[in-house]
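S.K.: Structure provided below as structure tokens; questions to follow.
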Amino acid sequence: MQSLVLTAIGSDRPGLVEALATLISSKGGNWLESSMAQLAGQFAGILRVDVADADADALMAALEAFEALKITVTHATETSGDSGYTRKLHLSLVGQDRVGIVREVSQVLARHEVNVEELNTITSSAPMSGETLFHAKASLQAGGGLDAGALKQDLEALSNDLIVDITLDELVSI
């Protein structure tokens, strides 16, 4: 069995996901997990597919020939052993949009050896002023040695510098 990670991008249209799913299943692939979105009229997605060794070449050839999307295939390598992540965190941020917010928050997380598992961002119009607000939600992973107090302190300092509200919650131990 082979595990493949596919990245796909192309002009969005109704039925695109169905066409991709049909192609994958017709070649013996099993769609396991995915994250997909429409951004600026473009469909963008990443997904993991398992396929029997005997069917892998046919699936990869069909994906390469799929004209509706540009698809890149990477062979997934399952990491064996302990990742070292024992804590799961959730970060929320909202504030007036400006250049560099993601960079500055991610620098703090990297200094504390916190892994970004998932990040979703959007902008919206503020209800009263009409200014552009930036919203971010992130699922994070950290090791048992994380000093959560120091991380929160650094995020609070950054929050004051950026004039944004940042909330960090520990969800569960993994």
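The values are calculated or read from the model by the stated rules, or taken from the named source; none is laboratory data. Because the structure is a prediction, the values reported are computed rather than measured. Every residue, glycine as well, gets a Cβ built from its backbone with ideal geometry; the counts of neighbours run over all protein chains shown. Note: areas computed on protein heavy atoms with side chains; ligands, DNA, RNA excluded. Shrake-Rupley method; radii C 1.70, N 1.55, O 1.52, S 1.80 Å.
S.K.: Could you work out the local net charge near N30, counting Lys and Arg as +1, Asp and Glu as -1, over the other residues with Cβ closer than 14 Å to its Cβ?
M.R.: Surrounding charge for N30 is -2.
S.K.: Carbon and sulfur together cover what percent of the accessible area of the chain at a 1.4 Å probe radius?
M.R.: That share works out to 51 percent.
S.K.: List the aspartates and glutamates whose Cα sits under 20 Å from the Cα of K27, skipping any in the same chain fewer than 8 residues away.
M.R.: In chain and number order, the partners are E18, D50, D53, D55, D57, E64, E67.
S.K.: Would you list which lysines come within 25 Å of K152, measuring only between C-alpha atoms, while excluding same-chain residues fewer than 8 positions from it?
M.R.: Filter leaves K88, K137.
S.K.: Using a Förster distance of 30 angstrom, determine the FRET efficiency expected from the C-beta separation of T167 and E113, and round it to 0.05.
M.R.: My answer for the efficiency is 0.90.
S.K.: Hey, what's the chain come to in accessible area per residue, 1.4 Å probe, Å²?
M.R.: In whole numbers, the chain has 60 Å² accessible per residue.
S.K.: Return the long-range amide H neighbours of D97 (sequence gap of 5 or more, or a different chain), with a cut-off of under 5 Å between placed amide H atoms.
M.R.: Here T132, L133, F134 satisfy the definition.
S.K.: Counting only the backbone N, which residues of the stretch 4-39 are under 17 Å from the spot 7 Å out from the Cα of V73 toward its beta-carbon?
M.R.: 4-9, 20-33
S.K.: The stretch 1-79: which GluC sites (Glu not before Pro) are DSSP loop and have at most 16 other beta-carbon atoms within 10 angstrom?
M.R.: E67, E78
S.K.: Further question on the same structure: Please list M1, M60 from largest to smallest accessible area, probe radius 1.4 Å, with all protein chains kept in place.
M.R.: M1, M60
S.K.: The stretch 58-113: percent of C-alpha pairs farther apart than 12 Å?
M.R.: Of all Cα-Cα pairs in the stretch 58-113, 81 percent lie more than 12 Å apart.
S.K.: Give me log10 I(q)/I(0) at q = 0.09 Å⁻¹ for the chain, Debye formula, one equal scatterer per alpha-carbon, no solvent.
M.R.: Per q value, in the given order, log10 I(q)/I(0) is -0.45.
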